[in-house]
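Taking it in order: structure first as C-alpha cells, then the write-up.
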Amino acid sequence: MSLFQAILIGLVSCTAASTIACLGTTVGNYTLNRPLVASMIVGIILGDVSGCILIGIPMQVMWIALVTPGGTVASDLRAVSYIGIPLAYVGVKAAGIDPASDEAFQLASSISAMTGTIGITLFYGTAMMNLIWQHIGWARLDKGDFEIVGKVDTLMPLISHFCLSFLPVTLLCYFGSGAVESVFKSLDVSVWYVKALLCVGSVLPAVGIAILLKSVVNKTSDLIFFLLGFVLAAAMGLTLLAATVVGGVFALLNYQMTMIKIDANKGGGAAVVIDEEEDISL
C-alpha cells in the first residue's frame, strides 16, 4: 500500500468520524463507517472494489447488531472499516487466498475483532480530547468570550479527529500493511494455531446474526420466516434480490392475514355490542 493510498483512507476515516464534516451522524457514523459501505470506498482507493467488498461482508455481518447502550462502545466501526479492511485485504492478497473463499472470510472476521479493540481506544481518546476543548470553552465563556462557542463546536473537534482518526489510520495502514504482508506471505493454514484463528473467525459472523435475531425476534414463531429464507437461499441458490422478493411476498401475505384477523375481531366485537343494546331495549 502506498503512502498516498494510506492518506486517502485516513482522510475518509477522519471525515466519516466527524459529525461536522458529514452534517450529522446519519451520513457519517451510520453510513460511511459501516464496513459494507467503507469496503467500497477502500476498494476504489486500492483499485479492487469487488475484493474489498468481499472482505467487508463478514465484518458487516459480525457487527450488524452493534449498539451503544448508554454511550458504551463495544467496538468502533471506524477502525474496523478503515484499518481492518485494508489490512485484511493486503494480508489475504499476500497469502494468495481468494477473497471469496472461506479462509478469507475467517481471516477478515478475526482481524475485524482485533482492529475493533483498537478503535475503542481511539473513540474514548477522541471523547477525552473533546472534553478538554469544552473545559477551555467554559473557561473562556466565564471571561465573556462568546466567540469561543463556535470554535469549540466546529474547529476544535476537527483537531481531535485529525489526531485520533486521520493519523492513526494513515500510519497503521501504511506501516501495518508491510508487516501484515510479510506475516501473511509465510502463513501456513495447516498449523494448529492458524486453524484455531480461522475457527474463531468463522464463528464471529454467526454471533452477530444471533445478536440481531435476539433484538428483532419477539416470538418464537418469527423464526419460521428466518429459517425458511435460509433454506431457500442455501438449498435453492437464490440470489439476494430473489430472496428479497420472496421475503416481500411472505411479508405481504402476513400483513394481509393480520389485517383480516383484526377486521374479524372488530366485526365480532360490534356484533356483541349490538346484541347487548337490543337486550337492553327489550
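Could you run through the stretch 131-157 and say how many residues are of a type outside the set (Phe, Trp, Tyr) and buried (at least 17 other Cβ atoms within 10 Å of the Cβ)? Give the derivation first.
Pass one, the stretch 131-157, residues of a type outside the set (Phe, Trp, Tyr): 131-132, 134-137, 139-145, 147-157.
Remaining after also requiring buried (at least 17 other Cβ atoms within 10 Å of the Cβ): 137, 148, 152, 156-157.
The number of residues fulfilling the criteria is 5.
Among the residues in the stretch 249-268, are any in a helix (DSSP H, G or I), at pLDDT below 75 and either farther than 26 Å from Ile111 by Cα or in contact with a Leu (Cβ under 8 Å, 6 or more places away or on another chain) (or both)?
Checked the stretch 249-268: at least one residue is in a helix (DSSP H, G or I), at pLDDT below 75 and either farther than 26 Å from Ile111 by Cα or in contact with a Leu (Cβ under 8 Å, 6 or more places away or on another chain) (or both).
Restricting attention to the stretch 96-109, which residues are under 14 Å from Val180 (Cβ atoms), more than 15 Å from the chain's Cα centre (by Cα) and assigned to a helix (DSSP H, G or I)?
Ala104, Leu107
Out of Tyr89, Tyr124, which single residue is touching a residue at least 24 places away in the same chain (Cβ under 8 Å), among the hydroxyl-bearing types (Ser, Thr, Tyr) and under 25 Å from Ser182 (Cβ atoms)?
Details: Tyr124 fails: under 25 Å from Ser182 (Cβ atoms).
Unique residue meeting the criteria: Tyr89.
So Lys214 passes all but one of these: (1) loosely packed, with under 10 Cβ neighbours inside 10 Å; (2) at pLDDT below 75; (3) more than 26 Å from the chain's Cα centre (by Cα). Which condition number does it fail?
Here Lys214 meets the rest and fails (3).
Within the stretch 239-248, track down each residue that is closer than 24 Å to Ser109 by Cβ and more than 23 Å from the chain's Cα centre (by Cα). First the steps, then the outcome.
First, the residues of the stretch 239-248 that are closer than 24 Å to Ser109 by Cβ: 239-240, 243.
Within the stretch 239-248, no residue meets the criteria.
Being closer than 18 Å to Ala108 by Cβ, at pLDDT 85 or above, assigned by TED's automatic domain parsing to the domain that holds Val90 and crowded, with 21+ Cβ neighbours inside 10 Å is the requirement here; does Ser50 meet it?
Working: closer than 18 Å to Ala108 by Cβ: yes; at pLDDT 85 or above: yes; assigned by TED's automatic domain parsing to the domain that holds Val90: yes; crowded, with 21+ Cβ neighbours inside 10 Å: no.
Criteria not met by Ser50.
Could we say that Val231 is β-branched (Val, Ile, Thr), surrounded by fewer than 12 Cβ atoms within 10 Å (Cβ to Cβ) and modelled with pLDDT of 75 or more here?
yes
Scan the stretch 230-241 for residues that are of a type outside the set (Val, Ile, Thr), in a helix (DSSP H, G or I) and farther than 19 Å from Ile57 by Cα and report the count.
Taking the stretch 230-241 first, the residues of a type outside the set (Val, Ile, Thr) are 230, 232-238, 240-241.
Those still in the list that are in a helix (DSSP H, G or I) too: 230, 232-235, 240-241.
When the remaining residues are screened for being farther than 19 Å from Ile57 by Cα, the result is 232, 235.
Qualifying residue count for the region: 2.
Among (1) at positive phi; (2) assigned to a helix (DSSP H, G or I), which single condition is Gly144 missing?
(2)
The values are calculated or read from the model by the stated rules, or taken from the named source; none is laboratory data. Since this is a predicted model, take the numbers as computed values, not measurements. Cβ atoms come from the backbone with ideal geometry, glycine included; neighbour counts cover every protein chain shown.
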